[in-house]
Every structure is written in structure tokens, then in C-alpha cells.
1. Cut-off is 10 Å between beta-carbons; in what order do Lys228, Lys44, Lys157 appear when sorted fewest neighbours first?
2. With +1 on each Lys and Arg Cβ and -1 on each Asp and Glu Cβ, and nothing else charged, work out how big the dipole of the chain is about its Cα centre, in Debye to the nearest 20.
3. List the aspartates and glutamates whose Cα sits under 17 Å from the Cα of Lys315, skipping any in the same chain fewer than 8 residues away.
4. Straight distance only, please: which aspartates and glutamates reach the Cα of Lys159 with their own Cα at less than 12 Å, same-chain residues fewer than 8 apart left out?
5. For the chain, just the Cα atoms, rotate onto the principal axes and tell me the three extents in Å, largest first.
6. Under 22 Å from the Cα of Lys157, which lysines turn up, not counting those fewer than eight places away in the same chain?
7. Please report Ser173, Ser311 as a ranked list, fewest other C-beta atoms within 10 angstrom at the top and most at the bottom.
8. Add +1 for every Lys or Arg and -1 for every Asp or Glu among the other residues with Cβ under 10 Å from the Cβ of Leu163, and state the total.
Amino acid sequence: MLVPLYRHVLRPLFFRMDPERAHELAMRALAACSGSPALRGLLKAIAGRSDAPALAREVFGVRFPNPVGLAAGFDKNGVALRAWEALGFGFVEAGTITARAQPGNDRPRLFRFPEQRALVNRLGFNNRGADALAAHFSALRTAGQWPSIPVGINIGKSKITPLDQAVEDYLHSFRRLHAYADYVVVNVSSPNTPGLRQLQGREELSALLGALQAANRGLERPRPLLVKIAPDLADGQIADVAALADEHALAGIVATNTTIDHSALPVDRRGETGGLSGAPLRARATAVVRLLASQTRLPIIAVGGVDDAESAREKFDAGASLVQLYTGFVYGGPTVVREIVSALGRVA
Ligand SMILES: Cc1cc2nc3c(=O)[nH]c(=O)nc-3n(C[C@H](O)[C@H](O)[C@H](O)COP(=O)(O)O)c2cc1C
């Protein structure tokens, strides 16, 4: 009954709106649910039970109640953390958060492709900035509003910071935010911040990861540090990232971000600049996970085109320890997590 509610009633309404307006509306509703026990109860009833004790696991020293998480970018400012838990996610990645607050690119900057079950976005890390978000997270903790599922924090470079000062920019966010993170992701793979993906180059990435791990090691409780990579890297570059991740004793790798390859879209609809996500990304993201798993024993968080149990299983079979979704949640709605988790749980 509730699956048709989203797919046949709410989704058509949302899809008649501008995509970013719909996202803002959904986030406002989810933020309200996050703060209210009664509304969280309602969300849980809508989503359905997704307890699957057999799926719980420990990855890089963190206990995950199930391996299906919300990917970065959906809840950039961490306003609905407890709502994600109520929807059955096993973990949530907040961010990307940058050192400076920033508005992101001009609108429109988010586009739907329902026939391809895809999105294209060029949001450009719109977020409230590391200082404001550290205060927000601290207030949530003090108020007893922190979720019980693990929270990852994804950090990126502020747009106005020149590339040669990127390390300081990431360090600022890391220092402000590590205390609230069960794991920290270094995002060097968004196509929407000019020059960012150059930080995936061997030398640049080594300098960045070295500096962040040095800061991390100085903490009383160092955090699992991961790097998130693009699906557009050549196989040799992916092998380089795996080697660097090992060298710098990272906790894992998140693969992948959105792709700049729009060839899955009809020719006349390839005009929008930005990163493509969803079903057309699935095969390449899985191939990147498989390649990484052949190069390193570090845990991999797989993301890209997960929208049902089969696509999730494909990622685990390729070597992932955890999966995340973004676009699959937009198309599948609030019951999709339960559907994936319960189907995975039946065979676990
Ligand atoms: C609208 C939108 C915004 C995103 N913002 C971020 C972001 O801020 N940081 C990040 O690391 N990834 C971001 N992503 C990428 C997702 O986390 C994910 O890696 C990608 O969409 C592939 O997964 P999917 O096919 O399940 O959507 C964003 C994706 C979308 C669609």
C-alpha cells in the first residue's frame, strides 16, 4: 500500500516540481521528522521494518546495523540525521562540507532523467560551512538529537580557495568536524568544483592525505579516514589511488562519485554540465569497485546506481563492504531501503 503511495502519488507530485524545489521540500519534511519522536514513528511505519541482524557488521572499527547507507550530498547540512535512521538506513554520510559557507552554482543545477533513472547535478557544494555545521552538530548532540546509526562526514574544498591552498582548507574542516564523525571522507571527485579532481593526481593526493592523516594521528581518537574517487579515472589512476590509500593507512575508499560521461542520455539531452548519477552509472561504479578490490584489501564503500537488492548485491560481489545510494532513493522513495535490506537479509 505504501509503495504505491510514493511511486504513484507523491513521486508524480514531486516530479512536477523543479527538482531542487522538490528536494528542498522533502528535506524540510525530513528535518521536521528528524526532530519529532511522533513523526519519526510515522516515517518508520511508512518505511517498514528493516531490522536484519544478520546484516550488521563492523567495518574499519565502526559497527553498522546494516550495510546500506545514504550517500553524500542528500543531507549536505546534516539537518535530518535521525530521519535517515527512521527510514532504515544503516548509516548516513553528511556533506560535502567545505571550510567556507558557500551558495553553490547558479540555478537551475539539478536535472531529472526519469527514463534513464538518472540525475545530473552541478550543485557545487552548497553548504553552511564547517564552523556553522560544527556548532549545529554540537547542538544536536547536547540536545540528545544525535542518531544511533554511524554518521560519516564528507569534506571538500571551498570554491574560492586556490588549489595550491587546498590542504589547509581540508585541514580546517577536518579539525572542526572530526569530533562528530564516525568516519571522514575526503572528497576529491566532484566534477562541480573547478580543479577539484586534479587532487586525485598522485602527488597532490599524497600531500593531501599525508597532511590529513598527520592531523588525524595527533587526535586522542583518530577517525577512519577514507577517500572518495571519480568513476572517470583511468584504470591505472585507480590502481595509484589504491596504492596511496594503503601507503597512507586510510580506512577505506568510497567509489564512486558522479560521472562526466553523459553518453547514456539521449543525444539532445546531453547539454547540461554536471555529474550523472543513477542507473547509467551502475556498471562503471561496480567495475571501479572490482578493480579497487583487486588492488587493495581496504574496505570499499560502493556507490553508483544502487536502487534494489540486485544492484546492491552486485556491489558486494565486486568486493564492497558497504553500499550507499542517492539517486535510487529519489526514484524508489522511502520504502527502498527496507526493500533492499530485507531482501539482502533473507539470504545473509
Ligand atoms: C544532487 C546530488 C548531489 C550530490 N552531492 C554530493 C556531495 O556533496 N558530495 C559527494 O561526495 N557526492 C555527492 N553526490 C554524489 C553521490 O554521493 C553519489 O556518489 C553518486 O550520486 C552516485 O550514487 P547514486 O547513483 O546512488 O546517486 C551527489 C549526487 C547527487 C545526485
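Bear in mind that the values in this text are calculations on the coordinates, not laboratory data. As the structure is a prediction and not an experimental result, all values here were calculated from the model. For neighbour counting, all protein chains shown are included, and Cβ atoms are generated from backbone atoms with ideal geometry for every residue, glycine included.
1. Result, fewest neighbours first: Lys44, Lys228, Lys157.
2. Details: 40 positive and 32 negative charges, 186 e Å.
I would put it at about 900 debye.
3. Candidates past the 8-residue exclusion: Asp307, Glu339.
4. Asp169
5. Largest first, the chain extends 53, 51, 42 Å along its Cα principal axes.
6. Correct list for Lys157: Lys76, Lys228.
7. Working: Ser173 29, Ser311 21.
Lowest count first: Ser311, Ser173.
8. Details: positive: Lys157; negative: Asp164, Asp169, Glu204.
For residues surrounding Leu163, the net value is -2.
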